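The values are calculated or read from the model by the stated rules, or taken from the named source; none is laboratory data. Just so we're clear, the structure is a prediction, and the values are computed from it rather than from any experiment. Glycine also receives a Cβ, built like all others from the backbone with ideal geometry; neighbour counts cover every protein chain displayed.
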Amino acid sequence: MEKFYITTAIDYVNAKPHLGHAYEKICADVIARWQRLLGRDVFFLTGTDENAQKNEQAARDAGVPVKEFVDKNSTKFEELCKKLNLSHDDFIRTTQERHVRVSQAIFKMLLEKGEIYKGVYEGYYCVGCEAFITEKDLVDGKCPEHGKEPEWLKEESYFFRMSKYTGFILEMLGKKGFVLPDYRRVEMLNRVKSEGLKDLSVSRTKLKWGIPTPNDSKHTIYVWLDALINYISALGYPDGEKFKRYWPADIHMIGKGINWFHSVIWPCILKAAGIEIPKTILVHGYINLGGEKMSKSRGTVIDPLEIIDKYGTDPLRYFLIKEIPFGEDGDFSEKALAERINGELVSDLGNLVYRVLSIAEKFHGKIEGRPELDSKLRLEKIKKYMESHELHHALQEIMAFAREANKYINEKEPWKQEGKELGNTLYNLLEGIRILAILLEPFIPFTAEKINKQLGTKPGLLKDCRFRKWEGKINKGDYLFERVK
Ligand SMILES: [Zn+2]
């Protein structure tokens, strides 16, 4: 069986999760579930980044011991994963011993190979980015990503010889498909071409919170180096069975703000350590509110748990995938969410299933016939969209099939039919709905499960998306979705 390894970025736990965290996890989950439908052996990893300086600061602000603070907030992220119905196989926390051990081992290995050396660092440092930032990247003296003034830092530091890997990274970034969407690859390529690569500071002094370097107790490992290593520590690098089975990652799913770390720094570190390079860095956009970035200070941060409590998990998953063209920024509003629920989930899908099952449960003849609706299913197109990570287009195409099924009902008018004729119409509709449940499972898994229960069918794989003998046993339940008032 072919393997497939997908990761999300790991989240800082300085605050509770917001909608952007939920979005990234949902996108990764859709892909993970789709890969399972293809019959692949999938490993899906998510988790939390707990060694960052900003976690320590947030804990200090809250007057809580750091460990207690990160434990509590990490739990909220795990809870979010459950509420989102994620199918992740592991949840890594970078304070876990399994991660600390591997981070130190990699640092030691690079030190022994001469890839890490000791020097002095001086420069601007953005705590938001947890990274040094060059003067020319500042906008009005502030970090463009965080809108905060950076600190001036001068300290003894260990450096990773990243400059040595300029040629290597230019070659990697020259390959189409390494970073997607393609303009994100070109962005990184142009940046390396114009700035070149400098050696990277990979340790800090003064920070008590963080993973100590294995050789020098004054230093902690730079949090980004430690964070990136989660993708292999979770697999039990270097000897773990999972590492041997699943590495390299097929997809690192990330937000556009951390592309440099994943498309440039991470491959250089792996190359220096003699570890295989991930196949694809997949970059999603941000969710805005009324066209503006969500902001804690303006109080415009949306809590995904509140949205789920109010509207349900699947409507939120559906909305975010359908509304936001993958890779681009998108907008969230409750009004738009309600419109999608009423106009698409209730009207096109919920009503279809309810109408068909209402007729089918009263029908005592044989549900059989010849496929008529199958020509309306554009499966190849859906597959192609999923291959090119156009999740929104794939979902659109699947829902187009639901609308075709509704059209078929209106044409056939099964309420006027009986006997063999009705058996044939029901055969087409029930098989169509069974296939819809398979295709929708990656996007709205709770709903797919409900449909299967009502049809009395087993969850299928992609190869089962063809009209065949009807084998369900109708058990009509409630409406799939409630209309939002
Ligand atoms: Zn920043």
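Side notes on the structure shown:
- For region 78-96, the count of residues that are surrounded by fewer than 20 Cβ atoms within 10 Å (Cβ to Cβ), at pLDDT 90 or above, small (G, A, S) and within 16 Å of the ligand (Cβ to nearest atom) is zero.
- Residue within region 437-447 that is more than 19 Å from Y318 (Cβ to Cβ) and not in a loop (DSSP other than H, G, I, E, B) present: no
- Sole residue being surrounded by 19 or more Cβ atoms within 10 Å (Cβ to Cβ), within 21 Å of the chain's Cα centre (by Cα) and under 30 Å from H284 (Cα atoms), chosen from L439, L377, L480: L439
- When residues of region 287-327 are limited to those that are hydroxyl-bearing (S, T, Y) and either surrounded by fewer than 17 Cβ atoms within 10 Å (Cβ to Cβ) or assigned to a loop (DSSP other than H, G, I, E, B) (or both), the one farthest from the chain's Cα centre (by Cα): S297
- Selection of region 143-201 for residues being of a type in the set (A, V, I, L, M) and either out of contact with any helix residue (DSSP H, G or I) (no Cβ under 7 Å at 6 or more places or on another chain) or closer than 27 Å to V127 by Cα (or both) yields L153, M162, I169, V179, L180, V186, M188, L189, V192, L197, L200.
- Test: residue in region 143-164 that is assigned to a loop (DSSP other than H, G, I, E, B), of a type in the set (K, R) and either within 16 Å of the ligand (Cβ to nearest atom) or in contact with a His (Cβ under 9 Å, 6 or more places away or on another chain) (or both): yes
- Options G167, G196; residue that is without any contact (Cβ under 8 Å) to a residue 12 or more places away in the chain and either among the aliphatic types (A, V, I, L, M) or more than 16 Å from the ligand (Cβ to nearest atom) (or both): G167
- Test set (1) free of Cβ contacts under 8 Å to residues at least 40 places away in the same chain; (2) of a type outside the set (F, W, Y); (3) outside any helix (DSSP H, G or I) - N215 fails condition number: (1)
- Any chance E187 is assigned to a loop (DSSP other than H, G, I, E, B), within 29 Å of T280 (Cα to Cα) and not aliphatic (A, V, I, L, M): no
- Qualifying residue in region 122-139 (condition: within 16 Å of the ligand (Cβ to nearest atom) and closer than 19 Å to H284 by Cα): yes
- Subset of region 191-212 that is more than 26 Å from the chain's Cα centre (by Cα) and in a helix (DSSP H, G or I) - its residue that is surrounded by the most Cβ atoms within 10 Å (Cβ to Cβ): V192
- Residue match in region 167-180 (condition: touching a Gly at 6+ places or on another chain (Cβ under 7 Å) and surrounded by fewer than 23 Cβ atoms within 10 Å (Cβ to Cβ)): no
- Any pair with Cβ under 7 angstrom, 6 or more apart, that starts in region 321-339 at a residue that is within 19 Å of I254 (Cα to Cα) and ends at one that is surrounded by fewer than 20 Cβ atoms within 10 Å (Cβ to Cβ) and of a type in the set (S, T, Y): D329/Y286
- Qualifying position, being outside any loop (DSSP other than H, G, I, E, B), modelled with pLDDT of 95 or more and more than 16 Å from Y318 (Cα to Cα), among I31, I6, I26: I6
- Annotation note: Cβ proximity below 7 Å between a residue of region 124-145 that is at positive phi and a residue that is assigned to a loop (DSSP other than H, G, I, E, B) and more than 8 Å from the ligand (Cβ to nearest atom) (sequence gap 6+ or interchain) occurs for E130/A52; G141/E149.
- Among the criteria (1) touching a Ser or Thr at 6+ places or on another chain (Cβ under 8 Å); (2) within 14 Å of I367 (Cα to Cα), the one N428 does not fulfil is (1).
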